[in-house]
1. When you check Val552 against the structure, is it buried (at least 24 other Cβ atoms within 10 Å of the Cβ), of a type in the set (Val, Ile, Thr) and either in a strand (DSSP E or B) or modelled with pLDDT of 95 or more (or both), yes or no?
2. Step by step: first the residues of the range 394-413, then only those that are closer than 27 Å to Ile503 by Cα and either small (Gly, Ala, Ser) or part of a loop (DSSP other than H, G, I, E, B) (or both), then the one that is farthest from the chain's Cα centre (by Cα). Which residue is that?
3. May I ask you to say which residue of Val117, Val136 is of a type in the set (Val, Ile, Thr), at pLDDT 65 or above, part of a loop (DSSP other than H, G, I, E, B) and on the phi < 0 side of the Ramachandran plot?
4. Yes or no: the range 603-613 includes at least one residue that is of a type in the set (D, E, K, R) and modelled with pLDDT of 95 or more.
5. Within the range 414-431, which residues are in a helix (DSSP H, G or I), without any contact (Cβ under 8 Å) to a residue 40 or more places away in the chain and within 13 Å of Leu518 (Cβ to Cβ)?
6. Would you point out which residue out of Ala526, Ala544 is closer than 16 Å to Leu369 by Cα, among the small types (Gly, Ala, Ser) and free of Cβ contacts under 8 Å to residues at least 40 places away in the same chain?
7. Are there helices (runs of 4 or more DSSP H) fully within the range 155-219 with at least 3 residues that are basic (Lys, Arg)? List them.
8. Among the residues of the range 656-704, how many are polar (S, T, N, Q), in contact with a strand residue (DSSP E or B) (Cβ under 8 Å, 6 or more places away or on another chain) and either in contact (Cβ under 8 Å) with a residue 60 or more places away in the chain or not in a loop (DSSP other than H, G, I, E, B) (or both)?
Amino acid sequence: MPANSADSTARRRVRVREKHLRPAPRGRLWLLSLTFLLVASWFGLQRFDAWVDAVQLPDTLADTSIEVRDRNGTLLRAYPVEDGIWRFSVRPEQVDADFRAMLLRYEDKRFYQHAGVDPRAMLRAVGQALWNGGVVSGGSTLTMQVARLLEDGPTGRWAGKLRQIRLALALERRLSKQEILTLYLTHAPYGGNLEGVRAASLAWFGKEPRRLTPSEAALLVAIPQSPAARRPDRGAARARAARGRVLARMEAQGVISDAALTMANAAPLPAAMRPFPQLAAHAADRMRDQMPDAQRIALTIEAGVQARLEALTAKAARAGGARLSAAILVADHQTGEIFASVGSPGLSGDARQGFVDMTQALRSPGSTLKPLVYGLAFAQGLAHPDTLIHDGPVNIDGYAPQNFDGMFRGDVRLRDALQMSLNIPVVKLTQAIGPARLMAALRRAGTRIKLPGGAPGLAVSLGGAGVSLEGLVQLYAGLAAGGQGQALHLHRGSARKTPSRLIPPEAAWYVMDILRGLAPPPGARAGVLAYKTGTSYGHRDAWAIGWDGRHVMGVWLGRADGTPVPGAFGGDMAAPVLFEAFGLLKPDFDLLPPPPPATLIAGAASLPQPLQRFRSRDAGFGTGAAAPQLIFPPDGARLLIADAPLVLKLRGGTAPFMVLADGQPVVTGQYGREFEVPNPGQGFSAIVVVDGAGKSDRALVGID
């Protein structure tokens, strides 16, 4: 909501507050003072105390704007209170010390000495009024002004003035001076729908009031006396004159120097109210809905990064036409903290439908799930990056997948198949892994996925499901963090939980090593990002997800309504934005990690025989050939064996047997069906048994 927008109710409230801080009309001050003295004399001191103590204080805990702040305390977004009023909570120490000095010197010199009413100031004001035939200065203390603001009632009659004197005295008895000053700094009217010095400083100067120039401080002292007339955007001459009077008095009292007075008088006035920050608007809305009682919400987002990526998102969307939307999400894959979340190119309701948060929308992920399939195949000992796989026509129970370009390439290494994003090899791997295990891995990664039908099928690995941008970044965060990433979170105070193991570190490194070999967009550095692109069916979604040694980022482009974008490809549209966004995130890329100690780095000819060429479970075997069955330990078992060897028990299969732990051979040439293998260490490990015919069985086993 713009800072200068207020409905009719807000304008009525503002008019009442404007009356509150105007000097009393001619002749009122001496009547007010006389009435006060008469009342004090009449009741006597004891009755006077009882009269003050009987005051029912109005509510001093007014609603203030909900604030969403970044990881460093910078305001990202705020929400107005009732009637569209902008009113921010504030403490005196959060406000510029020179402003506070000016305020007290100009409005109430003896603020810290009087008890709510300053008889000396009243007598002076009466004397000046009688001598000059009109009001020269007011006799109200700062506490009396607070009373007027809190009471929000009629002020035109002397009875109302007397009531405010009584309230001021009661405030002084029940609140500290700092609390009274806080109330003024929170409630003082500053024109339009602005209340309080923080709202005014943000709206007129675009900054918090921690540090104000003498010109800015003097203007903020002057406006509350007549907020409508002294608004600098509508009454520049009156605002300048009022500011000048404050500055002149401050110079006369030695608060500022003569040189500062000259510079401050020459400073330009703000020409318009600035809009309040709306960075990370979608993320702020989500967190406010999740924390409805919170007045302050601290996010993990970094405001500078967020602003730069919002500008990039808007630029990328403009380049794609009037209906194109875009979204970017970046996180620290070691901690799970989200550094920026851009849900759309803006909040407009135009053809881009910017009100839709596309970091949360479920869309077809295209080829972006393929790295997980390969990682699972490596983890289960089915393959190695240099394993050969045949890319040719295939029909699996009536399902005949095709590559994106309709071509076949024959035998290729899995490394090349993933870099070329071939469809047939990944479908073969999905069949060997099992779609149900792929879905279970996505759940372990923390990725929410929506299937179009019932049970998952082989098409899931080609994008046949719904996944959000945040879900994909969560998945890639797990890959980037060595197969065990933290859950992504926006709230600064979120407790970290022990993440589930997605795949072993060696398998995660294989995936990273393959993806960093993907050719970058023209002009971008090679080998610094492990990334994957994707394009959904019908060119509806263009994706690019990648990571370096610390951060993981996802980019999506498409139309919010799900209609096709002709010619949209992830490699052409999203990948350049991904690399540019990383450049805006930080000065340079963080290095990708070296291989874990147990990583098997070898060419196809040097691999163990079952890993040299990928074969499906039943390929090349007669009906009488039985695959080995790992009967102990069962899949998912947790064993309390400390440092003792792991005992395996097999049934069936053709000897000799080979055993792999997390993709690394640990036993070869074993002819028995009950034997020991080295303890794989604490945590879950993928144990794979491969027989002499190339058939295998596997189990995920936890060691405590």
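The values are calculated or read from the model by the stated rules, or taken from the named source; none is laboratory data. Keep in mind that this is a model prediction, so the values were computed, not measured. Note: ideal-geometry Cβ built from the backbone for every residue, glycine included; neighbour counts use all protein chains shown.
1. Numbers: buried (at least 24 other Cβ atoms within 10 Å of the Cβ): yes; of a type in the set (Val, Ile, Thr): yes; either in a strand (DSSP E or B) or modelled with pLDDT of 95 or more (or both): yes.
Yes: the conditions hold for Val552.
2. Pro401
3. Numbers: Val136 fails: at pLDDT 65 or above.
After applying the criteria, what remains is Val117.
4. Within the range 603-613 (the criterion being of a type in the set (D, E, K, R) and modelled with pLDDT of 95 or more), the answer is no, since none of the residues qualifies.
5. Asp416, Ala417
6. Ala544
7. On the way: elements: 158-174, 177-187, 197-205.
So the answer is 158-174.
8. 4
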